[in-house]
1. Name the residues in the stretch 105-126 that are surrounded by fewer than 13 Cβ atoms within 10 Å (Cβ to Cβ) and not in a loop (DSSP other than H, G, I, E, B), would you?
2. Just the residues that are hydrophobic (A, V, I, L, M, F, W, C) and at positive phi, please, taken from the stretch 2-47.
3. Only helices (runs of 4 or more DSSP H) wholly contained in the stretch 1-90 count here; list those with 3 or more residues that are exposed (fewer than 15 other Cβ atoms within 10 Å of the Cβ) and without any contact (Cβ under 8 Å) to a residue 60 or more places away in the chain.
4. Restricting the first residue to the stretch 107-134 and requiring it to be in contact (Cβ under 8 Å) with a residue 24 or more places away in the chain and closer than 15 Å to L14 by Cα, which pairs with a second residue that is of a type in the set (S, T, Y) and surrounded by 10 or more Cβ atoms within 10 Å (Cβ to Cβ) meet a Cβ separation below 7 Å and a spacing of at least six or different chains?
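Only the coordinates and a few stated rules stand behind these numbers; no lab work does. Here the structure is a predicted model, which means the values were calculated and not measured. Backbone-built Cβ (ideal geometry, glycine too); neighbour counts: all protein chains shown.
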Amino acid sequence: MDNTEAFRNLAMLLLRSKQRLGLLAAEHDITGVQATLLLILEPQKPQKMSYFADMFECDASNMTGLTDRLEQVNLIRREHDPADRRIRLIQLTDAGLVLRKKLLSELANSDAIGLGVLSNSDRDSLFKILAKLS
């Protein structure tokens, strides 16, 4: 397989993952983008909202809207950075940690994104490679 075919396959996996995450998110009354934010937030590590605005390629007002609902349903907490009160930090709440773990587990064990064709060994190898890339 050449590199171009590998990247096409990667794009297909990403698309299936995004679709599956959207369905899982809807079961919890949040959007796929909000679920993505829960997945990429690091537990017990407050992170700058501006970091995620850059990652999602949106402005600060969009990020505020994205996080409003998550805060309303107690999945994240927003606070001012003690070093610079102009900066807003977000972090997962206990409920957010529980939902994050559930979403990650359901994605990792989902045949809907195509991982069911992999042996346990292949799946473990894939996860190790993804950890290196992140």
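1. Within the stretch 105-126, S105, A108, D111, G116, V117, N120, S121, D122, D124, S125 qualify.
2. Selection gives nothing.
3. It comes to 3-27, 49-55, 60-72.
4. Sorted first by the residue in the stretch 107-134, then by its partner, the pairs are L107/S17; I113/S17.
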